[in-house]
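Undergrad: Before we start, here is the structure in question, set down as structure tokens.
Quick note: the coordinates plus some simple rules give every number you see, no bench work behind them. Being a predicted model, the structure only gives us computed values, none of them experimental. In this analysis, Cβ positions are derived from the backbone assuming ideal geometry, glycine residues included, and neighbour counts consider all displayed protein chains.
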Amino acid sequence: MSNFTTISYKENELNKELAKVFAALLEKKTVDAVLAPCRQANGTIMQTLITDPAQTAAVDPFAPIAPVSSAKIASSLTAKPSGKKIALVMRPCEIRALIELVKLKQANLDDTLLIGIDCFGRFENQDFYSLREQGLTAESFIKAAQGGTTATKDQDIIEACATCEHPTAANADIRLCLIGADAGTFAVEAATGKGEKAFSDMGLSSSTAPGKRAEAVKSLTAARQEAFKQKMNEYREKINSFQALEENMAKCINCYNCRVACPVCYCKECVFVTDTFRHDSEQFVGWAQQKGSLKMPTDTVFYHLTRMTHIGNFCVGCGQCTSACPNDINLTMAFKAAAKVSQERFGYEAGRSVDEAQPLTVFHHDELVEVTGQMK
Amino acid sequence: MTEKKEIGRVLVVGAGISGIKAALELAETGYKVLLADASPHIGGILAKLDHQFPTDHCGICRMLPIVGREYASQFCMRKSLYHDNIEILPFTEVTAVSGDAGKFSVELRKKPAYIDPAKCNGMGECIKVCPMEVEDGFNHELTKRKAVYQMVPHNLPNMLRIDRDACSGCTEQPCLEVCPNGAIDFTQEEQSETRQVHAIILAAGAKLWDENVEDAKSYAVSPDVVTALAFERLISPSGTYDGVIHRPSDGKAAKRIAWIQCMGSRNRRLGRDYCSSICCMFALKEAVLAKEKGGPDTETTIFYMDMRTFGKDHYRYFEKAVAKGVRLIRCRVQQVYADPDGSLQIRYFDPDSNEFKVETFDLTVLSTGQAPFAEQQRFAEILNLEVNEQKLLPTDELSKVRLRKPGVFLCGSFMGLTEISEAVSSGIAAAGEASKLLASLDVLKVNDEAELSNKSTNADTEAAKLEIVFSKGFTDKEGEQLDAALLTKALTAHHSVTKVHVLASLHSEAGLAAFAELVNRAEGNRLLIGAAKPFLYQTKLQKIAEQAGFHPSLVKVFDISAALGRKDSPDSFTARLIQETRAHIDRLRFTPALQFDSLPANQTALVVGGGIVGMYSALSLAERGAAVHLIDRAEKLGGYAGNQVSATLDGLKPISIAQDLAHRIADTGRITVHLGSEILSSGGQAGQYRTQIREQDGRILSLEHGAAILATGNQKSPTTAYHYDESDRVMTQTEFGKALRADDIDLSKMKEVVMIQCVDSRDKEAREYCSRICCMGALHNALLIKEKKPEVRVFVLYRDMMSYGPYERYYTEARRKGVIFVSYSLDNKPQVELKNRRPVVSFRDPILDAELEITADWLILATGIEKDEGNDKLAETFGVPLNQDGFFAEADSKWRPVEFHKSGCYAVGVANAPMTLREAIMQAEAAAQKASVFLSGKEIPLAREVSTVHDSLCIRCQQCIPVCPYNARSFDADSNRIVVNGAACQACGLCAATCRNGAAEVRGWNDKQMLAMIDAQFMDCRIPTTA
């Protein structure tokens, strides 16, 4: 049974109430540090590692922006044990990515307290800042989203979020709940033993889930699943041949921003910057001679397809790749559409459970017979 | 100057599974092997089998060497085999042997094939034009073949031969005309030669009865009654299977198939008082496969007497077969008759209803067993020995592989029918015995002479300059000739290609000479050779190129028939070959000059378990010059059998054997015995393990050793069944035997003894396996009672009497002496009550169809063999797996029966599975032989192509560790690195495929090479159409 505490906030005081929760975690020594999105002096919102309870005042976790995936930050904070306990305030997709990183031994949850937020989606960075100029706040966004609208006059949340099937955070120890919450309230949910412990440390009272929550989560998820299906089909119809894929990715300039932004692309040094792809002039000219002409830079579609085979089975569909692309290539839908098929084929879902082995890391005698042709 | 010593040589007679294994083992050790087979092919019976249980796949290639794999072929062994140190002599018989151990002179007679294998390209043009057609013996007359034919359809290269009995010698001789290489030679004659060898291994296999054996003849009423071996051809694509199991008579689908067991075996009247051991599992496997291949509507029925599933995991396979719907009926079939509509009627006595029944089948398979083999008698005469009662050659009391003639060993079904795992163990053990003999002689090993140093080269730093050599002695299927001029022009256009040569042939002697001359004046630094089906002669080419100064890893041979075979391509054959070659050029120009690493090998071994098998292992290792630490937690050597069992059914005396072995151990001076000791931890890898033990006095020792043999035995199986713990009249078979032999049992009042077999065994809720020795124990005790007091009534309540192989005669003898055998089933177990402290046993006799009640003086329970309690901890300490029953799980139950995937660790005897003492001793010998490679005291050279880790790229995600099928990779927390055991790595490439950024790489197969190859294949090439 999960434990919930409902907390009310006055207008423009959501962050103040949230800050109290985080400060309590620090004061009660439940954790030594809290990682959460905070307003910076220059107004930007970035992930911030807080140890001083007073500094929790700057938190703004529900601001609909995610300049980097906090899974990557969580990885650098936990891969090697520091002996310090850290609360990580993360979006559902970021936690799902973190789960995959744990399986890849790039993160460790032993000394963490995962705090997952309900997520209505996020805007592209520039969109968010221009909307904020026009008065957008986390609270105004939440209010609109709870009413079913995420779009403003000019902008909407990114496609990855609009087609996200996981608006609540599975695998979190504590959830900050807004879906189905009454106006002016949010709920704190203890979802695991660790969460319960933190709950009692903070002296929060226990109650049941907000009445409308279950229904609201269900309907939001259903709507987004439907949107995903539709967008995926549109994408598949459009990109229905290798040529279409090549044209779609023709703008790629090999900047590799997408893999830097990708939370589950975890290599120290990408194979595409190793000697394997450092061709000599002889090679380029040889190719050009054989084909008659050669588009440069080379290895662009190859790069994306390689990345897809490398991480497609643990892609969580967070949308960071598209956000990072300077040439507006819709990588997210390419990856989400491919990941959907390959993960389903293995009965796998990225981020669902730490205990589920990643596809192709375990060997089953009789699997994929339609591919291997292995016949008795 | 001393005379140059010669390299040790062994003749292996018979190239079936055990012969091949013995040959490979000796070749791996560094001795030269002559592998002779009377038939034209290798593989023996298994050449005909596509599937083996328990995997229902084929796994012969798992026998190939793990260490020293570069010297052997690395492809399907049903196709062919190559090893630097093995000379295969097909079609060759041994006609005489003279001399003694260490100095034999053997006469070999080779039959002609009428086709020169050095010239034949295997493309089979002659087959197409041959006018003569006869029945194909390989397919048991199910198909036809020509007078010139491929002896084994799946062999590579296709070895062809002319059957002169079938050949009409027609005047046109179209075969001679059509052969492009002049390979056909009708003048060939039988050839004899004398060879000198130091030891001989007999592995000539066995002979199986055909359907004409006396007790089967009356069943063979139609072509649809076939032998089990012929059935293998009915379910093989190289036989008649094409998605349908066709019955031979009219080709209709066989949907109802019956097996009749024990054909030619277990028949005292015909003088065959033995069980053929393998037919029960063979039939179960065939029935399972019949369902898979014939479709789910295929009905399979096995008529049997006892279902002898005594081997490791056999009982579980039996359960699987039953679960899949294989029907088992315990009876002797009375009659098979052919119906006018072509179906077969089988009349049998149904034990359930106690009446005769007749059922209709489409196909009947006779499980024909072991036939007396003329070769046994022939070799007895050649070696001046006498065959025993079972018409087999006489062997040493303890060792099944040591013939009663020094220097001659035997293995496989030449010892009596064996299943694959025993054939493999015995092959290794025989090779082990032979190599011990050779080690005691003044002979060399191949690698004693070879220089173990790496060749330096600057080819790596220079620009790649490729020379390419082709052979053109063939045409494609449409007769298109290779356009040498076009080929040369197109390829020399590549910037890395220095020169292209096209030779007439590469595999004939003249071709090799021309090749040698050419490479000696070559200017390039890399050599690419395109030849047709080069599997067997590519090593020769490689060696010649190496001698000419090329670095071994910069010489690549590829098969140009791959380009021939691409029939879908609209391009000309030459164009296809150009494209294919470009891919190989691009791969080779990025190939690094690989050096080999070596692994230091300690000369000390560790043996865990001081029972008979552990002692035997230790002695065998010591005989090879190794120092041995022998550890047991007990305070006395001997283990269970060596301290408790005075005699076995087949006449062994375990207690005195143990005493003898203990004396020999004391005498060697090479074996340190640690009694009352415990193993604490173990680390390291093959060649250099380090294990901590605590001795009896509490002292902790750290032992360094190259290999470890786990020889934990069994322990007494506890039971509470049938009031065992409530009455002194209820005993186990072992307790009873011991008391009986010690005269502790009062026979004067003994009238009735009841024995219950399979107590807590072969049952889902209990030990789900057969303990293999309990039936023999029961027979042993029953016979002893009958000997001491014939009037005692002895009842043996059994499920299946597992008196397999030669033990059958004791079962017969017991019945002859009046022991009463009554079968029971799992759903109708005997009931026991204690009345006046005496056990009263009630059970149903299925033959009398009556319930019986016996008040027994003694109730004897066969409680089976339980794994040793220490196995769990040992498995954890050494990092090796256990099976679900708590016995050690070997690398492969058939093909690597004493090894683990973890190299340098072995398990033998009851540590693996319940088995008899002689079987366990054979495993001990096999494990000692396997271990010896890591105990040489020298450096073990590793293969050049092994997997490696680029630490600077590696992110330690450790994904490569679980995917490695050879357990070659591990994470070393101390150095924070992934480490690779080069001896275990087989370069399969799974680690490299798993690693996302190329940190895991198989040397010689790097991404750059592979991508270049793929590019060349897929690039829209502009291939000129004319020179």
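Undergrad: Rounded to two decimals, what is the ratio between the C-alpha radius of gyration of the range B:571-695 and 2.2 N^0.38 Å?
TA: Rg over 2.2 N^0.38 Å, computed on Cα atoms: 1.87.
Undergrad: Shape verdict for the protein assembly as shown, please, from the Cα gyration tensor: rounded (a/c under 1.5), prolate (a/b greater than b/c) or oblate.
TA: Taking the square roots of the gyration eigenvalues as a ≥ b ≥ c, the protein assembly as shown is oblate.
Undergrad: If one takes the longest principal axis of the Cα atoms in chain B, at what angle in degrees, from 0 to 90 and to the nearest 10, does the Cα axis of helix B:509-520 lie?
TA: 60
Undergrad: Follow-up question, since we're still on this one. Which whole number gives the average, over all residues in A:282-289, of C-beta atoms from other chains lying within 10 Å of the residue C-beta?
TA: 3
Undergrad: A further question follows. Using only alpha carbon pairs under 8 Å that are at least six residues apart, calculate the relative contact order of the range A:142-220 and give it in whole percent.
TA: It comes to 26 percent, rounded to a whole number.
Undergrad: Follow-up. Between rounded, prolate and oblate, where does the range B:393-435 land on the alpha carbon gyration tensor, with a ≥ b ≥ c its root eigenvalues, rounded for a/c under 1.5, else prolate if a/b exceeds b/c?
TA: Oblate, since a/c reaches 1.5 and b/c is not below a/b.
Undergrad: Multiply the residue separation of B:T672 and B:Q547 by 0.36 nm, subtract the distance between their alpha-carbon atoms, and state the gained length in nm to one decimal.
TA: 40.3 nm
Undergrad: Out of the trypsin sites (Lys or Arg not before Pro) in the range A:283-329, which ones are loop residues according to DSSP with at most 13 other C-beta atoms within 10 Å?
TA: A:K295
Undergrad: Take the Cβ-Cβ distance between B:Q659 and B:D746 as r, set R0 to 25 Å, and report the resulting FRET efficiency rounded to the nearest 0.05.
TA: 0.25
Undergrad: I would also like to ask the following. Once you've got the Cα coordinates, tell me which of B:K312/B:K902; B:K32/B:K938; B:K285/B:K902; B:K21/B:K556; B:K217/B:K252 are over 22 Å apart.
TA: B:K285/B:K902; B:K21/B:K556; B:K217/B:K252
Undergrad: Can I ask one more? Would you mind computing, in nm to one decimal, how far apart the modelled labels at B:L680 and B:R268 are, each placed 7 Å from Cα along Cα→Cβ?
TA: For B:L680 paired with B:R268, the spin-label model returns 6.0 nm.
Undergrad: Taking only the C-alpha atoms, wrap a convex hull around the range B:1-121 and report its volume per residue in Å³ as a whole number.
TA: 161
Undergrad: Which net charge results when you count Lys and Arg as +1 and Asp and Glu as -1 among the other residues whose beta-carbon is under 10 Å from that of B:F104?
TA: +2
Undergrad: Sticking with this one: Determine the relative contact order of chain B: mean sequence separation of Cα pairs under 8 Å and six or more apart, normalised by residue count, in whole percent.
TA: Relative contact order comes out at 11 percent.
Undergrad: A follow-up question, please. Computed FRET efficiency, Cβ-Cβ of B:T171 and B:A516, R0 41 Å: what is it to the nearest 0.05?
TA: Computed FRET efficiency for B:T171 and B:A516 comes out at 0.50.
Undergrad: Under 19 Å between alpha carbons, and skipping anything fewer than 8 positions from B:K817 in its own chain: which lysines qualify?
TA: Of all the lysines, those that pass the test against B:K817 - Cα under 19 Å, at least 8 places apart if same chain - are B:K751, B:K786, B:K788, B:K789.
Undergrad: Tell me, what are the semi-axes, in whole angstrom and largest first, of the equivalent ellipsoid of chain B as set by the roots of 5 times the Cα gyration tensor eigenvalues?
TA: The equivalent ellipsoid of chain B has semi-axes of 52, 37, 27 Å.
Undergrad: So which cysteines of chain A have no other cysteine's Cβ under 4.7 Å from theirs?
TA: Taking the Cβ cut-off of 4.7 Å, the unpaired cysteines of chain A are A:C38, A:C119, A:C161, A:C164, A:C177, A:C252, A:C255, A:C267, A:C270, A:C315, A:C325.
Undergrad: When only Cα pairs under 8 Å and 6 or more residues apart are kept, what is the percent relative contact order across the range A:46-204?
TA: 23
Undergrad: Follow-up question, since we're still on this one. Please provide three numbers in whole Å: the alpha-carbon extents of chain A along the principal axes, with the largest listed first.
TA: Extents along the principal axes: 72, 53, 38 Å.
Undergrad: If the cut-off is 17 Å between C-alpha atoms, which aspartates and glutamates fall inside it for A:K153, apart from same-chain ones fewer than 8 positions away?
TA: Of all the aspartates and glutamates, those that pass the test against A:K153 - Cα under 17 Å, at least 8 places apart if same chain - are A:E124, A:D127, A:E133.
Undergrad: In addition: Given a Förster distance of 45 angstrom, what is the FRET efficiency for A:T51 paired with B:M1010, based on the Cβ-Cβ distance and rounded to 0.05?
TA: Computed FRET efficiency for A:T51 and B:M1010 comes out at 0.35.
Undergrad: Summing Lys, Arg as +1 and Asp, Glu as -1, what charge do residues with Cβ under 11 Å from the Cβ of B:L779 carry, B:L779 excluded?
TA: Residues close to B:L779 contribute a combined charge of +1.
Undergrad: Still on this structure, please answer the following. Run the reach check for B:K749 against aspartates and glutamates, Cα to Cα strictly under 18 Å, same-chain hits fewer than 8 apart removed. What comes back?
TA: B:D728, B:E787, B:E791, B:D857
Undergrad: Give the Debye-formula value of log10 I(q)/I(0) at each listed q (0.10, 0.15 Å⁻¹), with one equal scatterer per alpha carbon of the range A:221-342, two decimals each.
TA: -0.35, -0.75
Undergrad: Something else about it: Counting Lys and Arg as +1 and Asp and Glu as -1, what is the net charge of the other residues whose Cβ lies under 13 Å from the Cβ of B:Y966?
TA: With Lys, Arg at +1 and Asp, Glu at -1, the net is +3.
Undergrad: Follow-up. How many nm is it between the label spots at B:A253 and B:Q692, if each spot is 7 Å from the Cα in line with the beta carbon?
TA: 6.5
Undergrad: Using the basic label-point model (7 angstrom from Cα toward the beta carbon), what is the B:L441 to B:E939 distance in nanometres?
TA: Distance between the two pseudo-spin positions: 3.0 nm.
Undergrad: Do the alpha carbons of any pairs in B:K111/B:K255; A:K72/A:K231; B:K455/B:K1008; A:K28/A:K340; B:K79/B:K764; A:K16/A:K231 sit beyond 31 Å of each other, and which pairs?
TA: B:K111/B:K255; A:K28/A:K340; B:K79/B:K764; A:K16/A:K231
Undergrad: Mind running the shape call on the range B:489-550? Use the C-alpha gyration tensor, a ≥ b ≥ c as the square roots of the eigenvalues: rounded below 1.5 for a/c, prolate if a/b tops b/c, oblate otherwise.
TA: Prolate.
Undergrad: Report the full-extension gain for the segment B:R699 to B:D352: residue separation times 0.36 nm, less the Cα-Cα distance, to one decimal in nm.
TA: 118.5 nm is the gain from fully extending B:R699 to B:D352.
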